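For reference, the structure is listed below as structure tokens.
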Amino acid sequence: MIKQNQQENCINFDKIVPGKPFQFEIYPNADACDQLSTRLGILKLRKLNFSGTIKCSTNKSWLLEANLGATIGQSCVVTLDPVRTRIDTVVKRASKGVGFSWGISEEVGKNIRMLEMFGLPGVKNLNDFFKKKKEYKFENLNLISLDNKAIKFHFCPIIAGTSFLDQIKSLENSTEIKFEKIGYPLLFLPFVSRASEIVGKRLFLKLDDREFLLNFNNNIYSNFLKNNIIEVANFVSVKFLNNADSFLEKEWNELYKLSEDTFVEETDSLKNSGAGAGLTDND
């Protein structure tokens with residue numbers, strides 16, 4: 001197996017021999033990372049590694065097997081403070097390490113990153129949940145109904161969330177879905193947020209007295225602003241909100257009438273001078 005020097009920032013295809021695996025390890029230096037940060041529009045690319053094997057077959061087809069890992073800094077959408085995000089899925093690996101499948105672990109990784117981006121304590125709650133999971137049995141909720149009650153143990157937030165997201169298309173015509181006793185419910189929230197985008201409706205999530213308005217997975221409004229661990233929510237409610245305008249037709253007509261003041265009556269002189277829109281209204 002041929003191996004490339006890891007100091008290089010690109011793969012040297014001249015070294016690849018057809019039929020033989022070519023192993024590479026690329027670790028761009030600080031200057032290269034800064035250039036990539038600028039091109040990608042991110043706050044800071046702190047570390048990047050790309051490693052794997054590439055193989056050229058005799059018919060000129062290529063097979064690439066590789067891992068891409070990075071540590072980036074980006075701004076929290078709530079506080080604008082820098083947030084460090086591990087793209088190489090530390091959360092994914094940790095989730096797999098405590099017993100979840102790779103597929104579910106990948107979803108958890110996306111969810112925790114989302115919580116942190118929205119200024120919610122995702123890492124803190126997940127870490128505590130994993131510790132608790134070693135000594136406490138959580139109940140799996142695989143089939144979502146309108147009223148879900150745990151029989152003996154608290155519902156696992158990850159399995160309940162996965163089931164909710166998987167079944168959301170069959171639930172979207174519901175008015176409200178209720179749950180009793182979800183453990184670490186903040187970990188359930190990202191699944192609901194993503195469901196909002198899928199069904200194209202705003203969802204109102206209530207965890208006991210904590211309220212969250214989830215807008216198509218784009219933003220979250222909440223009365224919960226503390227960096228706390230929530231071990232259990234005894235009552236959880238998801239309400240499906242109708243998409244309706246926040247203004248009256250009268251208000252819209254009044255605004256439209258004001259916009260008409262920008263219209264100019266077309267005359268021959270204006271035509272000859274090139275006034276008015278061209279092929280698009282932006283002309």
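A convex hull fitted around the alpha carbon atoms of the stretch 207-258 yields 136 Å³ per residue. I need the shape label for the stretch 189-236. Rule: rounded when a/c is under 1.5, else prolate if a/b > b/c, else oblate, with a, b, c from the alpha carbon gyration tensor. Note, shape of the stretch 189-236 comes out prolate. The percentage of C-alpha pairs in the stretch 90-256 whose separation is greater than 26 Å is 27%.
Arranged from fewest to most other beta-carbon atoms within 10 Å of their beta carbon, L186, L213, L141 become L213, L141, L186. As a rough footprinting exposure proxy, the listed residues F235, F164 were ranked by other beta carbons within 10 Å of their own, and the order from fewest upward is F235, F164.
Computed from backbone phi, the HN-Hα couplings of the stretch 227-235 come to 8, 10, 8, 10, 6, 7, 10, 6, 10 Hz, rounded to whole numbers (Karplus: 6.51 cos²θ - 1.76 cosθ + 1.60, θ = phi - 60°; Gly and Pro given as x). Which links in K201/K250; K169/K250; K178/K226; K149/K169; K55/K110; K131/K239 stretch past 28 Å when you go from one Cα to the other? K169/K250; K55/K110; K131/K239, as the Cα separations exceed 28 Å there.
With neighbour counts taken as other beta-carbon atoms within 10 Å, the residues T262, T175, T53 rank, fewest first, as T262, T175, T53.
Read-outs: derived from the displayed coordinates by stated rules, not from any lab. A quick note: this is a predicted structure, and the numbers were derived from the prediction, not measured. A quick note on method: Cβ atoms are made from the backbone with ideal geometry, for glycine too, and the neighbour counts reach across all protein chains shown.
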